[in-house]
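The values are calculated or read from the model by the stated rules, or taken from the named source; none is laboratory data. All of these numbers come straight from a predicted model, not from anything done at the bench. Glycine also receives a Cβ, built like all others from the backbone with ideal geometry; neighbour counts cover every protein chain displayed. Keep in mind that these areas ignore ligands, DNA and RNA; they rest on the heavy atoms of the full protein, side chains included. Shrake-Rupley method; radii C 1.70, N 1.55, O 1.52, S 1.80 Å.
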Amino acid sequence: MSAPKKLYIKTYGCQMNVYDSERMAETLGGQGYVETKTPDDADMILLNTCHIREKAAEKVYSELGRFKGLKAEKPDLKIGVAGCVAQAEGEEIMRRQPLVDLVVGPQSYHRLPEMEAKAGAGEKVLDTDFPEEDKFEKLKRRPKAKRGPTAFLTVQEGCDKFCAFCVVPYTRGAEVSRPADRILREAEDLVERGVREITLLGQNVNAYHGAGPNGDMTLAQLIWELDKVEGLERIRFTTSHPNDMMDDLIEAHGTCAKLMPYLHLPVQAGSDKILKRMNRSHTAESYIRLIERIRAARPDILISGDFIVGFPEETEEDFQATLDLVEEVKYGTAYSFKYSTRPGTPAAERAQVDPKEADDRLQRLQALLTRQQREVQDSMVGRELGVLFEKKGRFPGQMVGKSDYLHAVHVADCDAEIGDLRRVRIVSSGANSLAGELIA
Ligand code: SAH
Ligand code: SF4
Ligand code: F3S
(Lines give C-alpha, C1' and ligand atoms only; values in the text may rest on other atoms or scores of the structure.)
(Ligands and ions follow the chains in the order given, each with its own letter.)
Protein backbone atom coordinates (compact mmCIF):
# COMPACT_ATOMS: atom_id res chain seq x y z
CA MET A 1 0.00 0.00 0.00
CA SER A 2 1.28 3.46 -0.82
CA ALA A 3 1.79 5.99 1.98
CA PRO A 4 -1.33 8.05 2.70
CA LYS A 5 -1.53 11.46 1.10
CA LYS A 6 -1.83 14.38 3.46
CA LEU A 7 -4.63 16.91 3.51
CA TYR A 8 -4.45 20.28 5.24
CA ILE A 9 -7.80 22.07 5.67
CA LYS A 10 -8.10 25.56 7.06
CA THR A 11 -11.58 26.70 8.03
CA TYR A 12 -12.89 30.26 8.14
CA GLY A 13 -16.37 31.63 8.91
CA CYS A 14 -19.29 30.02 10.65
CA GLN A 15 -19.93 26.65 12.30
CA MET A 16 -21.42 25.33 9.08
CA ASN A 17 -18.01 25.61 7.50
CA VAL A 18 -16.57 23.64 10.42
CA TYR A 19 -19.10 20.89 9.71
CA ASP A 20 -18.44 21.03 5.95
CA SER A 21 -14.67 20.79 6.52
CA GLU A 22 -15.19 17.58 8.50
CA ARG A 23 -17.31 16.14 5.72
CA MET A 24 -14.80 17.16 3.03
CA ALA A 25 -11.94 15.57 4.97
CA GLU A 26 -13.98 12.36 5.36
CA THR A 27 -14.81 12.33 1.64
CA LEU A 28 -11.19 12.76 0.66
CA GLY A 29 -10.34 10.07 3.22
CA GLY A 30 -11.88 7.68 0.69
CA GLN A 31 -9.20 8.83 -1.78
CA GLY A 32 -6.42 7.91 0.63
CA TYR A 33 -5.99 11.26 2.38
CA VAL A 34 -5.32 11.71 6.07
CA GLU A 35 -5.46 15.09 7.76
CA THR A 36 -2.33 16.97 8.77
CA LYS A 37 -2.11 20.01 11.04
CA THR A 38 0.36 21.97 8.94
CA PRO A 39 0.44 22.97 5.28
CA ASP A 40 4.18 22.20 5.14
CA ASP A 41 3.88 18.45 4.57
CA ALA A 42 0.52 18.49 2.75
CA ASP A 43 -0.19 16.98 -0.66
CA MET A 44 -3.40 18.95 -0.80
CA ILE A 45 -4.36 22.25 0.83
CA LEU A 46 -8.02 23.26 1.06
CA LEU A 47 -9.13 26.66 2.30
CA ASN A 48 -12.77 26.53 3.37
CA THR A 49 -13.66 30.18 3.09
CA CYS A 50 -16.13 32.83 4.27
CA HIS A 51 -17.49 35.75 2.24
CA ILE A 52 -19.56 37.48 4.92
CA ARG A 53 -17.38 40.60 5.27
CA GLU A 54 -14.73 42.12 3.05
CA LYS A 55 -11.90 41.25 5.44
CA ALA A 56 -12.92 37.60 5.54
CA ALA A 57 -12.80 37.35 1.75
CA GLU A 58 -9.48 39.20 1.41
CA LYS A 59 -7.81 36.90 3.96
CA VAL A 60 -8.15 34.07 1.48
CA TYR A 61 -5.99 35.77 -1.12
CA SER A 62 -3.25 36.69 1.34
CA GLU A 63 -3.25 33.13 2.71
CA LEU A 64 -3.02 31.69 -0.83
CA GLY A 65 -0.06 33.95 -1.60
CA ARG A 66 1.82 32.33 1.28
CA PHE A 67 1.69 28.91 -0.40
CA LYS A 68 3.83 30.03 -3.35
CA GLY A 69 7.07 28.71 -1.81
CA LEU A 70 5.49 25.36 -0.91
CA LYS A 71 4.18 24.89 -4.42
CA ALA A 72 7.58 25.73 -5.91
CA GLU A 73 9.20 23.06 -3.70
CA LYS A 74 6.51 20.49 -4.38
CA PRO A 75 4.94 20.91 -7.81
CA ASP A 76 2.48 18.04 -7.16
CA LEU A 77 0.90 19.95 -4.27
CA LYS A 78 -2.76 20.68 -5.04
CA ILE A 79 -4.36 23.85 -3.75
CA GLY A 80 -8.13 24.17 -3.49
CA VAL A 81 -10.58 26.86 -2.42
CA ALA A 82 -13.94 25.74 -1.00
CA GLY A 83 -16.79 27.51 0.80
CA CYS A 84 -18.49 30.84 0.27
CA VAL A 85 -15.67 32.77 -1.45
CA ALA A 86 -15.43 29.87 -3.91
CA GLN A 87 -19.16 30.18 -4.57
CA ALA A 88 -19.15 33.96 -4.88
CA GLU A 89 -15.98 34.49 -6.89
CA GLY A 90 -15.51 31.20 -8.78
CA GLU A 91 -13.18 31.62 -11.75
CA GLU A 92 -12.04 35.01 -10.50
CA ILE A 93 -10.05 33.12 -7.83
CA MET A 94 -8.06 31.23 -10.45
CA ARG A 95 -7.45 34.42 -12.41
CA ARG A 96 -6.25 36.28 -9.34
CA GLN A 97 -4.20 33.39 -7.97
CA PRO A 98 -2.91 30.94 -10.61
CA LEU A 99 -1.60 28.65 -7.83
CA VAL A 100 -5.17 27.43 -7.31
CA ASP A 101 -5.97 24.04 -8.90
CA LEU A 102 -9.48 23.50 -7.66
CA VAL A 103 -12.50 25.63 -6.71
CA VAL A 104 -15.53 23.95 -5.11
CA GLY A 105 -18.73 25.55 -3.80
CA PRO A 106 -20.54 24.61 -0.57
CA GLN A 107 -23.27 22.68 -2.41
CA SER A 108 -21.05 20.55 -4.64
CA TYR A 109 -18.26 19.23 -2.43
CA HIS A 110 -19.59 15.66 -2.65
CA ARG A 111 -17.91 15.74 -6.07
CA LEU A 112 -14.47 16.37 -4.55
CA PRO A 113 -13.14 12.84 -5.27
CA GLU A 114 -13.66 13.27 -9.05
CA MET A 115 -12.32 16.80 -8.88
CA GLU A 116 -9.23 15.67 -7.00
CA ALA A 117 -8.54 13.03 -9.66
CA LYS A 118 -8.79 15.62 -12.42
CA ALA A 119 -6.57 18.05 -10.55
CA GLY A 120 -4.10 15.18 -10.07
CA ALA A 121 -4.00 14.79 -13.85
CA GLY A 122 -3.04 18.46 -14.19
CA GLU A 123 -6.46 19.96 -14.96
CA LYS A 124 -7.83 23.11 -13.34
CA VAL A 125 -11.27 22.24 -11.97
CA LEU A 126 -14.17 24.40 -10.90
CA ASP A 127 -17.58 23.33 -9.59
CA THR A 128 -19.88 25.92 -8.08
CA ASP A 129 -23.16 24.34 -9.14
CA PHE A 130 -26.24 24.25 -6.99
CA PRO A 131 -26.97 20.65 -8.02
CA GLU A 132 -30.42 19.08 -7.91
CA GLU A 133 -29.15 16.13 -5.91
CA ASP A 134 -28.66 16.35 -2.13
CA LYS A 135 -24.93 16.36 -1.42
CA PHE A 136 -25.47 14.70 1.95
CA GLU A 137 -27.06 11.73 0.21
CA LYS A 138 -24.15 11.43 -2.18
CA LEU A 139 -21.54 11.57 0.55
CA LYS A 140 -20.58 8.22 2.05
CA ARG A 141 -21.86 7.33 5.51
CA ARG A 142 -19.58 8.92 8.09
CA PRO A 143 -16.67 6.89 9.51
CA LYS A 144 -16.97 5.15 12.87
CA ALA A 145 -13.82 6.50 14.52
CA LYS A 146 -14.12 7.74 18.11
CA ARG A 147 -14.36 11.52 18.42
CA GLY A 148 -14.76 14.34 20.94
CA PRO A 149 -17.93 14.86 23.01
CA THR A 150 -19.42 17.75 20.99
CA ALA A 151 -20.41 17.87 17.34
CA PHE A 152 -22.18 20.05 14.81
CA LEU A 153 -24.86 18.59 12.58
CA THR A 154 -26.23 20.55 9.63
CA VAL A 155 -30.03 20.16 9.36
CA GLN A 156 -30.93 23.11 7.15
CA GLU A 157 -28.98 25.18 4.64
CA GLY A 158 -29.44 28.32 2.65
CA CYS A 159 -31.58 31.37 3.20
CA ASP A 160 -34.56 33.01 1.49
CA LYS A 161 -34.62 36.07 3.72
CA PHE A 162 -32.35 38.37 1.70
CA CYS A 163 -31.35 40.84 4.39
CA ALA A 164 -30.07 43.84 2.42
CA PHE A 165 -26.47 43.49 3.68
CA CYS A 166 -25.97 39.74 3.44
CA VAL A 167 -24.27 37.44 0.90
CA VAL A 168 -25.50 34.16 2.38
CA PRO A 169 -28.57 33.76 0.13
CA TYR A 170 -26.21 34.05 -2.85
CA THR A 171 -23.39 31.83 -1.57
CA ARG A 172 -25.49 29.11 0.07
CA GLY A 173 -28.56 29.23 -2.14
CA ALA A 174 -32.22 28.70 -1.30
CA GLU A 175 -33.44 27.33 2.00
CA VAL A 176 -33.44 23.51 2.11
CA SER A 177 -34.07 21.15 5.04
CA ARG A 178 -32.67 17.63 5.32
CA PRO A 179 -35.14 14.79 5.95
CA ALA A 180 -35.54 13.96 9.65
CA ASP A 181 -34.63 10.24 9.39
CA ARG A 182 -31.20 11.06 7.89
CA ILE A 183 -30.52 13.54 10.66
CA LEU A 184 -31.53 11.04 13.34
CA ARG A 185 -29.32 8.36 11.79
CA GLU A 186 -26.39 10.76 11.69
CA ALA A 187 -27.03 11.77 15.31
CA GLU A 188 -27.08 8.11 16.40
CA ASP A 189 -23.82 7.49 14.56
CA LEU A 190 -22.25 10.49 16.29
CA VAL A 191 -23.41 9.28 19.71
CA GLU A 192 -21.89 5.85 19.00
CA ARG A 193 -18.62 7.63 18.34
CA GLY A 194 -18.64 9.33 21.74
CA VAL A 195 -20.63 12.50 21.08
CA ARG A 196 -22.75 13.73 24.00
CA GLU A 197 -23.81 17.16 22.74
CA ILE A 198 -25.08 18.02 19.26
CA THR A 199 -25.55 21.54 17.90
CA LEU A 200 -28.02 21.54 15.03
CA LEU A 201 -26.93 23.97 12.35
CA GLY A 202 -28.72 26.01 9.75
CA GLN A 203 -28.43 29.52 8.38
CA ASN A 204 -32.07 29.75 9.47
CA VAL A 205 -32.21 26.69 11.63
CA ASN A 206 -35.60 27.45 13.17
CA ALA A 207 -37.15 27.57 9.69
CA TYR A 208 -36.39 23.83 9.56
CA HIS A 209 -39.19 21.93 7.81
CA GLY A 210 -37.65 18.60 6.81
CA ALA A 211 -39.68 15.60 5.73
CA GLY A 212 -40.79 13.34 8.58
CA PRO A 213 -42.91 10.18 8.69
CA ASN A 214 -46.15 12.19 8.76
CA GLY A 215 -45.32 15.20 6.63
CA ASP A 216 -42.91 18.06 7.28
CA MET A 217 -41.53 18.46 10.77
CA THR A 218 -40.74 21.62 12.71
CA LEU A 219 -37.43 22.12 14.47
CA ALA A 220 -39.14 21.49 17.81
CA GLN A 221 -40.50 18.16 16.55
CA LEU A 222 -37.03 17.21 15.36
CA ILE A 223 -35.60 18.14 18.77
CA TRP A 224 -38.16 15.90 20.50
CA GLU A 225 -37.09 13.00 18.25
CA LEU A 226 -33.45 13.65 19.11
CA ASP A 227 -34.43 13.80 22.78
CA LYS A 228 -35.15 10.05 22.53
CA VAL A 229 -31.62 9.22 21.36
CA GLU A 230 -30.02 7.39 24.27
CA GLY A 231 -26.57 8.66 25.18
CA LEU A 232 -27.20 12.08 23.67
CA GLU A 233 -27.27 14.42 26.66
CA ARG A 234 -27.47 17.92 25.24
CA ILE A 235 -29.07 19.58 22.23
CA ARG A 236 -28.38 23.09 20.94
CA PHE A 237 -29.25 24.85 17.68
CA THR A 238 -28.04 27.90 15.77
CA THR A 239 -28.69 30.36 14.04
CA SER A 240 -32.30 31.37 14.49
CA HIS A 241 -34.25 34.19 12.89
CA PRO A 242 -36.77 36.07 15.08
CA ASN A 243 -39.55 35.57 12.52
CA ASP A 244 -39.25 31.78 12.61
CA MET A 245 -39.37 31.43 16.39
CA MET A 246 -42.45 29.16 16.51
CA ASP A 247 -44.56 28.49 19.63
CA ASP A 248 -43.60 24.81 19.83
CA LEU A 249 -39.91 25.74 19.86
CA ILE A 250 -40.39 28.33 22.60
CA GLU A 251 -42.32 25.75 24.60
CA ALA A 252 -39.60 23.12 24.11
CA HIS A 253 -37.18 25.47 25.83
CA GLY A 254 -39.32 25.14 28.94
CA THR A 255 -40.04 21.40 28.75
CA CYS A 256 -37.22 19.54 26.96
CA ALA A 257 -34.51 18.76 29.53
CA LYS A 258 -31.87 18.03 26.89
CA LEU A 259 -32.41 21.37 25.13
CA MET A 260 -29.88 23.77 26.63
CA PRO A 261 -30.89 27.21 28.00
CA TYR A 262 -29.04 29.21 25.35
CA LEU A 263 -30.46 30.96 22.31
CA HIS A 264 -28.60 32.87 19.61
CA LEU A 265 -31.22 35.22 18.19
CA PRO A 266 -29.68 38.00 16.08
CA VAL A 267 -31.56 41.30 15.85
CA GLN A 268 -28.88 43.36 14.00
CA ALA A 269 -30.19 46.80 15.02
CA GLY A 270 -32.63 48.57 17.32
CA SER A 271 -34.04 51.25 15.03
CA ASP A 272 -37.19 50.33 13.09
CA LYS A 273 -36.09 52.56 10.22
CA ILE A 274 -32.81 50.64 9.90
CA LEU A 275 -34.47 47.25 10.42
CA LYS A 276 -36.82 48.09 7.58
CA ARG A 277 -33.96 49.13 5.33
CA MET A 278 -32.15 45.93 6.27
CA ASN A 279 -35.24 44.02 5.09
CA ARG A 280 -35.41 42.25 8.44
CA SER A 281 -39.25 42.17 8.53
CA HIS A 282 -39.44 42.51 12.31
CA THR A 283 -39.41 45.56 14.57
CA ALA A 284 -37.42 46.26 17.73
CA GLU A 285 -40.66 46.02 19.71
CA SER A 286 -41.68 42.66 18.22
CA TYR A 287 -38.20 41.31 19.00
CA ILE A 288 -38.38 42.46 22.61
CA ARG A 289 -41.87 40.93 23.03
CA LEU A 290 -40.53 37.69 21.56
CA ILE A 291 -37.66 37.62 24.07
CA GLU A 292 -40.23 38.12 26.85
CA ARG A 293 -42.21 35.11 25.66
CA ILE A 294 -39.06 32.98 25.47
CA ARG A 295 -38.06 34.05 28.98
CA ALA A 296 -41.55 33.25 30.24
CA ALA A 297 -41.00 29.67 29.02
CA ARG A 298 -37.41 29.44 30.30
CA PRO A 299 -36.57 32.29 32.69
CA ASP A 300 -32.84 31.53 32.96
CA ILE A 301 -32.21 31.27 29.20
CA LEU A 302 -29.04 33.02 28.03
CA ILE A 303 -29.70 35.24 25.04
CA SER A 304 -27.02 35.82 22.42
CA GLY A 305 -27.17 38.24 19.49
CA ASP A 306 -25.53 39.68 16.38
CA PHE A 307 -25.35 43.40 15.63
CA ILE A 308 -24.30 45.53 12.70
CA VAL A 309 -23.36 49.18 13.24
CA GLY A 310 -22.88 51.78 10.54
CA PHE A 311 -25.45 50.29 8.17
CA PRO A 312 -26.10 52.80 5.32
CA GLU A 313 -28.08 55.84 6.55
CA GLU A 314 -27.74 54.90 10.24
CA THR A 315 -27.84 58.14 12.27
CA GLU A 316 -26.67 58.67 15.84
CA GLU A 317 -30.32 58.49 16.89
CA ASP A 318 -30.74 55.12 15.15
CA PHE A 319 -27.61 53.87 16.87
CA GLN A 320 -28.99 55.02 20.23
CA ALA A 321 -32.01 52.81 19.56
CA THR A 322 -29.63 49.84 19.24
CA LEU A 323 -28.06 50.70 22.61
CA ASP A 324 -31.54 51.02 24.13
CA LEU A 325 -32.55 47.61 22.82
CA VAL A 326 -29.38 46.04 24.22
CA GLU A 327 -30.07 47.65 27.63
CA GLU A 328 -33.55 46.20 27.60
CA VAL A 329 -32.68 42.65 26.47
CA LYS A 330 -29.48 42.11 28.47
CA TYR A 331 -27.33 39.77 26.39
CA GLY A 332 -25.27 36.96 27.84
CA THR A 333 -23.05 37.03 24.80
CA ALA A 334 -23.04 38.89 21.48
CA TYR A 335 -21.17 39.43 18.24
CA SER A 336 -21.03 42.91 16.79
CA PHE A 337 -19.67 44.03 13.46
CA LYS A 338 -19.05 47.16 11.49
CA TYR A 339 -21.13 47.10 8.33
CA SER A 340 -19.08 45.81 5.40
CA THR A 341 -20.19 46.58 1.85
CA ARG A 342 -20.77 43.37 -0.08
CA PRO A 343 -20.92 43.74 -3.86
CA GLY A 344 -24.18 42.52 -5.35
CA THR A 345 -26.26 43.09 -2.19
CA PRO A 346 -28.93 45.85 -2.20
CA ALA A 347 -27.33 47.89 0.62
CA ALA A 348 -24.06 48.23 -1.31
CA GLU A 349 -25.71 50.88 -3.51
CA ARG A 350 -26.72 53.17 -0.64
CA ALA A 351 -25.09 56.13 1.09
CA GLN A 352 -22.41 54.77 3.42
CA VAL A 353 -21.77 55.94 6.99
CA ASP A 354 -18.43 57.65 7.69
CA PRO A 355 -16.08 54.77 8.68
CA LYS A 356 -14.70 56.72 11.67
CA GLU A 357 -18.21 57.26 12.98
CA ALA A 358 -18.95 53.54 12.49
CA ASP A 359 -15.76 52.61 14.40
CA ASP A 360 -16.79 54.85 17.25
CA ARG A 361 -20.27 53.28 17.41
CA LEU A 362 -18.82 49.80 17.33
CA GLN A 363 -16.60 50.64 20.31
CA ARG A 364 -19.49 52.05 22.30
CA LEU A 365 -21.71 49.07 21.53
CA GLN A 366 -18.97 46.57 22.36
CA ALA A 367 -18.27 48.29 25.69
CA LEU A 368 -21.93 47.88 26.65
CA LEU A 369 -22.13 44.28 25.41
CA THR A 370 -18.91 43.30 27.18
CA ARG A 371 -20.26 44.75 30.43
CA GLN A 372 -23.50 42.77 30.10
CA GLN A 373 -21.67 39.62 29.15
CA ARG A 374 -19.51 39.91 32.25
CA GLU A 375 -22.53 40.54 34.49
CA VAL A 376 -24.32 37.47 33.20
CA GLN A 377 -21.17 35.36 33.59
CA ASP A 378 -20.57 36.67 37.12
CA SER A 379 -24.17 35.83 38.05
CA MET A 380 -23.29 32.13 37.67
CA VAL A 381 -21.13 32.23 40.81
CA GLY A 382 -22.74 30.15 43.58
CA ARG A 383 -24.94 28.19 41.17
CA GLU A 384 -24.84 24.46 40.49
CA LEU A 385 -24.65 23.74 36.77
CA GLY A 386 -24.14 20.85 34.40
CA VAL A 387 -20.68 20.84 32.81
CA LEU A 388 -19.71 18.64 29.88
CA PHE A 389 -15.96 18.04 30.07
CA GLU A 390 -14.19 18.52 26.74
CA LYS A 391 -10.46 18.58 27.45
CA LYS A 392 -7.65 18.63 29.97
CA GLY A 393 -6.66 22.01 31.41
CA ARG A 394 -3.20 23.57 31.47
CA PHE A 395 -2.48 22.38 35.03
CA PRO A 396 -2.16 18.76 36.18
CA GLY A 397 -5.53 17.41 37.32
CA GLN A 398 -7.45 20.33 35.84
CA MET A 399 -10.30 19.73 33.38
CA VAL A 400 -12.19 22.16 31.16
CA GLY A 401 -15.75 21.90 29.99
CA LYS A 402 -18.79 23.95 28.99
CA SER A 403 -21.71 24.81 31.21
CA ASP A 404 -25.34 24.54 30.12
CA TYR A 405 -25.07 28.24 29.21
CA LEU A 406 -21.94 27.62 27.12
CA HIS A 407 -19.49 29.31 29.48
CA ALA A 408 -16.07 27.66 29.73
CA VAL A 409 -15.62 26.15 33.22
CA HIS A 410 -12.28 25.12 34.77
CA VAL A 411 -12.25 22.53 37.53
CA ALA A 412 -9.09 21.76 39.53
CA ASP A 413 -8.37 18.29 41.03
CA CYS A 414 -11.05 16.93 38.77
CA ASP A 415 -11.72 13.21 38.47
CA ALA A 416 -14.10 13.63 35.51
CA GLU A 417 -13.11 12.18 32.15
CA ILE A 418 -13.49 13.83 28.77
CA GLY A 419 -17.12 13.29 27.73
CA ASP A 420 -18.50 13.20 31.31
CA LEU A 421 -21.44 15.44 32.13
CA ARG A 422 -21.19 16.36 35.82
CA ARG A 423 -22.74 18.78 38.30
CA VAL A 424 -20.40 21.61 39.21
CA ARG A 425 -20.67 24.39 41.79
CA ILE A 426 -19.37 27.65 40.32
CA VAL A 427 -16.97 29.37 42.72
CA SER A 428 -15.52 32.27 40.75
CA SER A 429 -15.72 34.19 37.49
CA GLY A 430 -12.62 35.26 35.56
CA ALA A 431 -11.99 37.28 32.41
CA ASN A 432 -13.25 34.65 29.97
CA SER A 433 -14.25 31.66 32.02
CA LEU A 434 -15.64 30.34 35.26
CA ALA A 435 -14.01 28.16 37.90
CA GLY A 436 -15.93 25.50 39.78
CA GLU A 437 -15.77 22.35 41.87
CA LEU A 438 -17.38 18.97 41.32
CA ILE A 439 -20.43 18.20 43.44
CA ALA A 440 -20.01 14.69 44.90
N1 SAH B 1 -27.97 33.31 9.30
C2 SAH B 1 -27.52 34.00 10.39
C3 SAH B 1 -26.09 34.46 10.30
C4 SAH B 1 -25.67 35.26 9.15
S5 SAH B 1 -24.00 35.79 9.12
C6 SAH B 1 -28.51 35.11 10.72
O7 SAH B 1 -29.45 35.32 10.04
O8 SAH B 1 -28.34 35.74 11.72
C9 SAH B 1 -23.61 36.20 10.78
C10 SAH B 1 -23.68 37.64 11.12
O11 SAH B 1 -22.77 38.39 10.35
C12 SAH B 1 -25.01 38.29 10.87
O13 SAH B 1 -25.94 38.00 11.85
C14 SAH B 1 -24.64 39.75 10.80
O15 SAH B 1 -24.65 40.33 12.08
C16 SAH B 1 -23.21 39.72 10.28
N17 SAH B 1 -23.14 40.20 8.90
C18 SAH B 1 -23.70 39.65 7.80
N19 SAH B 1 -23.43 40.41 6.71
C20 SAH B 1 -22.68 41.46 7.13
C21 SAH B 1 -22.11 42.60 6.48
N22 SAH B 1 -22.28 42.83 5.18
N23 SAH B 1 -21.39 43.47 7.24
C24 SAH B 1 -21.23 43.26 8.57
N25 SAH B 1 -21.75 42.21 9.23
C26 SAH B 1 -22.48 41.32 8.52
FE1 SF4 C 1 -28.12 36.62 5.96
FE2 SF4 C 1 -30.43 37.60 6.82
FE3 SF4 C 1 -30.34 35.16 5.76
FE4 SF4 C 1 -29.23 35.62 8.14
S5 SF4 C 1 -31.44 35.81 7.64
S6 SF4 C 1 -28.34 34.46 6.45
S7 SF4 C 1 -28.46 37.69 7.92
S8 SF4 C 1 -29.94 37.05 4.67
FE1 F3S D 1 -19.31 32.92 5.99
FE2 F3S D 1 -20.57 31.41 4.30
FE3 F3S D 1 -20.81 30.99 6.90
S4 F3S D 1 -20.26 33.58 4.10
S5 F3S D 1 -20.59 33.03 7.74
S6 F3S D 1 -18.98 30.77 5.72
S7 F3S D 1 -22.39 30.76 5.35
**OP:** Place the peptides 45-53, 86-94, 128-136 in order of packing, highest mean first, counting for every residue the other Cβ atoms within 10 Å and averaging per peptide.
**Re:** 45-53, 86-94, 128-136
Original post:
Ignoring any ligand, DNA or RNA, what whole percent of the accessible area of the range 5-127 comes from carbon and sulfur when the probe is 1.4 angstrom?
Top reply: 50
**OP:** Go through 354-362, 319-327 and give me the packing order, highest mean Cβ count within 10 Å leading.
**Re:** 319-327, 354-362
**OP:** When a/c is below 1.5 the answer is rounded, else prolate if a/b is larger than b/c, else oblate, so apply that to the range 1-153 with a ≥ b ≥ c taken from the square roots of the Cα gyration tensor eigenvalues.
**Re:** rounded
Original post:
If you take the Cα Rg of the chain and divide it by 2.2 N^0.38 Å, with N the number of residues, what do you get?
Top reply: 1.01
**OP:** Return the whole-Å distance between the Cα centroid of the range 204-235 and the Cα centroid of the range 286-302.
**Re:** 21
Original post:
Out of residues 5 or more away from Val125 or on other chains, whose amide H comes under 5 Å of its own, with H placed 1.01 Å from N in the peptide plane?
Top reply: Leu102, Val103
Subject >> the range 275-376 - charge dipole about Cα centre, Lys and Arg +1 at Cβ, Asp and Glu -1, debye rounded to 20 >> reply: 460
**OP:** Whole Å is fine, so just give me how far the alpha carbon centre of the range 1-42 lies from that of the range 43-71.
**Re:** 15
Original post:
Looking at the square roots a ≥ b ≥ c of the eigenvalues of the Cα gyration tensor of the range 384-438, which shape do they give, rounded for a/c under 1.5, prolate if a/b is larger than b/c, or oblate?
Top reply: rounded
Subject >> the range 282-440 - percent of accessible surface contributed by carbon and sulfur, probe 1.4 Å >> reply: 51
Original post:
Quick one: Karplus J couplings for the range 398-406, per residue in order, coefficients 6.51, -1.76, 1.60, θ = phi - 60°, nearest Hz, x for Gly and Pro?
Top reply: 8, 10, 10, x, 10, 6, 4, 8, 6
Original post:
Nearest-5 percent of antiparallel DSSP beta bridges in the range 314-440?
Top reply: 85
Original post:
Taking the alpha-carbon centroid of each part, what is the distance from the range 377-419 to the range 101-174 in angstrom?
Top reply: 34
Original post:
Hey, what number do you get for the chain at 222 nm if only DSSP H runs of n ≥ 4 count, each worth -39500 (n - 2.57), divided across all residues, to the nearest 500?
Top reply: -10000 deg cm²/dmol
Original post:
Under the Karplus relation 6.51 cos²θ - 1.76 cosθ + 1.60, θ = phi - 60°, what is the ordered set of whole-Hz ³J(HN,Hα) values for the range 292-304, x standing for Gly and Pro?
Top reply: 4, 5, 5, 6, 5, 6, 9, x, 8, 4, 8, 9, 10
Original post:
Considering only the chain, what is the antiparallel percent among its DSSP beta bridges, to the nearest 5?
Top reply: 35
Original post:
Got a sec to turn the phi values of the range 408-419 into Karplus ³J(HN,Hα) couplings, 6.51 cos²θ - 1.76 cosθ + 1.60 with θ = phi - 60°, whole Hz, x for Gly and Pro?
Top reply: 6, 10, 9, 10, 7, 6, 9, 8, 6, 9, 4, x
**OP:** Specify which residue in the list Tyr335, Ser429, Val353 is farthest towards the positive end of the charge dipole of the range 326-440, using unit charges on the beta carbon of Lys, Arg (+1) and Asp, Glu (-1), about the Cα centre.
**Re:** Val353
Original post:
Out of residues 5 or more away from Leu46 or on other chains, whose amide H comes under 5 Å of its own, with H placed 1.01 Å from N in the peptide plane?
Top reply: Tyr8, Ile9, Lys10, Gly80
**OP:** Search the structure for amide H atoms under 5 Å from the amide H of Tyr208, placed 1.01 Å from N in the peptide plane, and list their residues when 5 or more places away or on another chain.
**Re:** Leu219
Original post:
Heavy-atom accessible area per residue, the range 137-379, 1.4 Å probe: how many Å²?
Top reply: 42
Original post:
Tell me, what is the percent relative contact order of the chain, built from C-alpha pairs under 8 Å that lie six or more residues apart?
Top reply: 10
**OP:** Could you tell me which of rounded, prolate or oblate describes the range 81-183, using a ≥ b ≥ c as the square roots of the eigenvalues of the alpha-carbon gyration tensor, with rounded for a/c under 1.5 and, failing that, prolate when a/b is larger than b/c and oblate otherwise?
**Re:** oblate
